[in-house]
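Let me begin by presenting the structure, written as structure tokens, before commenting on it.
The values are calculated or read from the model by the stated rules, or taken from the named source; none is laboratory data. Values in this document were obtained by computation on a predicted structure and should not be read as measured data. Cβ coordinates were reconstructed from backbone atoms using ideal geometry, including for glycine residues, and neighbour counts include every protein chain displayed.
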Ligand SMILES: Cc1cc2nc3c(=O)[nH]c(=O)nc-3n(C[C@H](O)[C@H](O)[C@H](O)COP(=O)(O)O)c2cc1C
């Protein structure tokens, strides 16, 4: 048992009377408030150098922070200090929006899982762009995840993504097109070939654009996404987002199975692995892959790399295993350069 799971996690899981989102906000505030000297000390302690160049971007190590943890980039300088080799902020939308009603984030401890139905609560793409302009250069590459505003009808989705894209593009090393969140009605239909072609046709340009896909797509549906990616010059795919499936929950968490939202963490590990493996085989290894879903130890990460991922990201593993996981995973994935 690590110091984190023995001593820090029990305290964190009690913040806000056990409300998971209160713990999340508390953590973000603490990280955002880290003094520069503390950040530098942490960086020296945690940062593993194992560089890889993927879609033309040099990543100092292969482990990224997955989208959704720091939607508005409030704690951006802290993540590299915890060892992350890249950070994906967002998902942001063209219009600032509050997201769904709380509670909307649930820990399923026995399953090392989380269910969330946040619904893209975010301060909007313009606020993020302003924050990124103020921050200046970061020590690691930055991805910005874009989604569709809730008020925008699906037929106008392209304009909505494009508005966000124009605002954040100058600051992003890559753009993630999130068409796979289960918490915005209709969003996942943008994974359909025709919709995706329209979206990629409008967005692919100066900055690498990656498509983030759902783990619940069938293999033929994934193959269509990959065809659209190839036709429009997408730089890669991010596999995967959270799942609507409730397979793999521990008996103690069954009472949560009916909670609406996307499931992440341990129950997603196998499915994410299968999707990465399929994408790699289907594209003959020619399309870069960021593997994400259920990485709770270094072995989960190396299995995704072995299946064809070039980089990995994590979110739920950070909640259950703490910052030590980042360094352990970074050490386990060799650099290329
Ligand atoms: C609370 C929460 C919020 C999330 N928000 C986003 C988001 O805004 N955009 C996105 O692309 N993915 C989002 N995700 C999905 C993660 O980026 C990741 O794809 C998924 O959780 C699987 O990885 P994990 O098992 O390591 O958590 C969110 C996940 C969680 C748990």
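Observations
- In the condition set (1) surrounded by fewer than 20 Cβ atoms within 10 Å (Cβ to Cβ); (2) away from the ligand (no atom under 14 Å from the Cβ); (3) without any contact (Cβ under 8 Å) to a residue 60 or more places away in the chain, residue 78 is compliant with all but (1).
- Identity of the residue in region 266-289, part of a helix (DSSP H, G or I) and more than 13 Å from the ligand (Cβ to nearest atom), that ends up surrounded by the fewest Cβ atoms within 10 Å (Cβ to Cβ): 281
- Here is the figure for region 309-320: residues that are within 11 Å of the ligand (Cβ to nearest atom) and either in contact with a helix residue (DSSP H, G or I) (Cβ under 9 Å, 6 or more places away or on another chain) or modelled with pLDDT under 95 (or both) total 7.
Matching residues to (1) within 12 Å of the ligand (Cβ to nearest atom); (2) more than 21 Å from residue 148 (Cα to Cα); (3) buried (at least 22 other Cβ atoms within 10 Å of the Cβ); (4) without any contact (Cβ under 8 Å) to a residue 12 or more places away in the chain:
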| residue | (1), (2), (3), (4) |
| --- | --- |
| 82 | no, yes, yes, no |
| 89 | yes, no, yes, no |
| 92 | yes, no, yes, no |
| 108 | yes, yes, yes, no |
| 113 | yes, yes, yes, no |
| 121 | yes, no, no, no |
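- Which numbered condition residue 104 fails, given (1) within 10 Å of the ligand (Cβ to nearest atom); (2) surrounded by fewer than 23 Cβ atoms within 10 Å (Cβ to Cβ); (3) within 16 Å of residue 172 (Cβ to Cβ): (3)
- Sole exception among (1) under 23 Å from residue 140 (Cβ atoms); (2) in contact with a strand residue (DSSP E or B) (Cβ under 6 Å, 6 or more places away or on another chain) for residue 293, by number: (2)
- For residue 334, the test of being surrounded by fewer than 24 Cβ atoms within 10 Å (Cβ to Cβ) and either in contact with a helix residue (DSSP H, G or I) (Cβ under 8 Å, 6 or more places away or on another chain) or without any contact (Cβ under 8 Å) to a residue 24 or more places away in the chain (or both) is failed.
- Test: residue in region 252-265 that is buried (at least 21 other Cβ atoms within 10 Å of the Cβ), touching a residue at least 40 places away in the same chain (Cβ under 8 Å), farther than 20 Å from residue 214 by Cα and near the ligand (Cβ under 10 Å from one of its atoms): no
- Region 27-50: number of residues that are exposed (fewer than 14 other Cβ atoms within 10 Å of the Cβ) and within 14 Å of residue 86 (Cα to Cα): 1
- Among the criteria (1) closer than 18 Å to residue 79 by Cα; (2) more than 16 Å from the ligand (Cβ to nearest atom), the one residue 323 does not fulfil is (2).
- Whichever residue in region 14-64 is closer than 23 Å to residue 102 by Cβ and touching a helix residue (DSSP H, G or I) at 6+ places or on another chain (Cβ under 6 Å) and, among such residues, is nearest to the ligand (Cβ to nearest atom): 23
- Condition broken by residue 53, with the remaining ones in (1) buried (at least 16 other Cβ atoms within 10 Å of the Cβ); (2) in contact (Cβ under 8 Å) with a residue 60 or more places away in the chain satisfied: (1)
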